[in-house]
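**Q** Please read through the structure below; I'll follow up with questions.
The values are calculated or read from the model by the stated rules, or taken from the named source; none is laboratory data. Note that the coordinates shown come from a computational prediction; the quantities given were computed from them, not determined experimentally. Quick reminder, even Gly has a Cβ in these numbers, built from the backbone with ideal geometry, and neighbours come from all protein chains shown.
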Amino acid sequence: MSQATQNPSRHNGSFNMDVAAIRAKARQDIESGAVTEGYRADREVVLKLLNEALATEVVCVLRYKRHHFMARGLNAEPVAAEFAEHAAQELDHADRIAERIVQLGGAPNLSPVGLLERSHSEYVEANTLTEMIKENLIAERIAIDSYRQMVDYVGDKDPTTRRLLEEILAVEEEHADDLSDFLAKN
């Protein structure tokens, strides 16, 4: 293997990578999986934040599912369909967050005990379609602010977690926009 193949950046002189040192470090602490010496975030804090985000997503799934089944009224069908779609997307978020927790060497806390205490959003059953839309919009706004704060905290110390949080944040913003549109129509 040529020097350029081992380190394609060396040819321009602006970046040097010590491949031998990277290889040696990779052999150390292999039980840490994806968490290498270069991980710069406080892993315990990130795991706590991710488990709170996981609880938030699970609570949102449950609230959206209830609202999907309980939606009644003239405009209920498209709103109920939107609730079902959001529930599926929130479940996907929960799965992705749980996967990241495991990658970081943690354990996803899916215990129903304390779920609401770990969640940033609340579980509000609501009685009317308008109340359901409002409660889900409030929950999305809470999620948006929570994810923004998590993104700010993680910063460039954990780019993989930051990207995950930013992707989820973008979907939560879409959800809030969808719900806001429904609220304007009711």
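**Q** If only one of M150, M70 is within 30 Å of E31 (Cβ to Cβ) and either surrounded by 15 or more Cβ atoms within 10 Å (Cβ to Cβ) or modelled with pLDDT under 95 (or both), which one is it?
**A** Numbers: M70 fails: within 30 Å of E31 (Cβ to Cβ).
Exactly one of M150, M70 is within 30 Å of E31 (Cβ to Cβ) and either surrounded by 15 or more Cβ atoms within 10 Å (Cβ to Cβ) or modelled with pLDDT under 95 (or both), namely M150.
**Q** Within segment 143-186, can you find the residues that are touching a residue at least 40 places away in the same chain (Cβ under 8 Å) and β-branched (V, I, T)?
**A** V154, T160, T161, I168, V171
**Q** From L110, L115, which residue is in contact (Cβ under 8 Å) with a residue 40 or more places away in the chain, surrounded by 15 or more Cβ atoms within 10 Å (Cβ to Cβ) and out of contact with any His (no Cβ under 9 Å at 6 or more places or on another chain)?
**A** So the residue among L110, L115 that is in contact (Cβ under 8 Å) with a residue 40 or more places away in the chain, surrounded by 15 or more Cβ atoms within 10 Å (Cβ to Cβ) and out of contact with any His (no Cβ under 9 Å at 6 or more places or on another chain) is L115.
**Q** Can you pull out every residue in segment 122-162 that is among the hydroxyl-bearing types (S, T, Y) and farther than 17 Å from E174 by Cα?
**A** Residues of segment 122-162 among the hydroxyl-bearing types (S, T, Y): 123, 128, 130, 146-147, 153, 160-161.
Residues satisfying the conditions are Y123, T128, T130, Y153, T160, T161.
One line per residue, one yes/no per condition, for (1) buried (at least 17 other Cβ atoms within 10 Å of the Cβ); (2) touching a residue at least 12 places away in the same chain (Cβ under 8 Å); (3) in contact with a Ser or Thr (Cβ under 9 Å, 6 or more places away or on another chain); (4) farther than 20 Å from D178 by Cα:
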residue: V45; (1), (2), (3), (4): no, yes, no, yes
residue: L50; (1), (2), (3), (4): yes, yes, yes, yes
residue: T56; (1), (2), (3), (4): yes, yes, yes, no
residue: R63; (1), (2), (3), (4): yes, yes, yes, no
residue: R66; (1), (2), (3), (4): yes, yes, no, no
residue: E77; (1), (2), (3), (4): no, no, no, no
residue: A84; (1), (2), (3), (4): no, yes, no, no
residue: Q89; (1), (2), (3), (4): yes, yes, no, no
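**Q** A further question follows. Need the failing condition index for S121 against (1) buried (at least 18 other Cβ atoms within 10 Å of the Cβ); (2) in a helix (DSSP H, G or I), just the number.
**A** (2)
**Q** L137 versus (1) over 16 Å from the mean Cα position of the chain (by Cα); (2) within 17 Å of N51 (Cα to Cα); (3) surrounded by 13 or more Cβ atoms within 10 Å (Cβ to Cβ): which is the lone unmet condition?
**A** All conditions are met except number (2).
**Q** Can you name every residue in segment 80-114 that is closer than 12 Å to A53 by Cα and part of a loop (DSSP other than H, G, I, E, B)? Before you say what the answer is, go through the steps one by one.
**A** Restricting attention to segment 80-114, the residues satisfying the condition of being closer than 12 Å to A53 by Cα are 90-91, 93-98, 100-101, 108-110.
The answer is P108, N109, L110.
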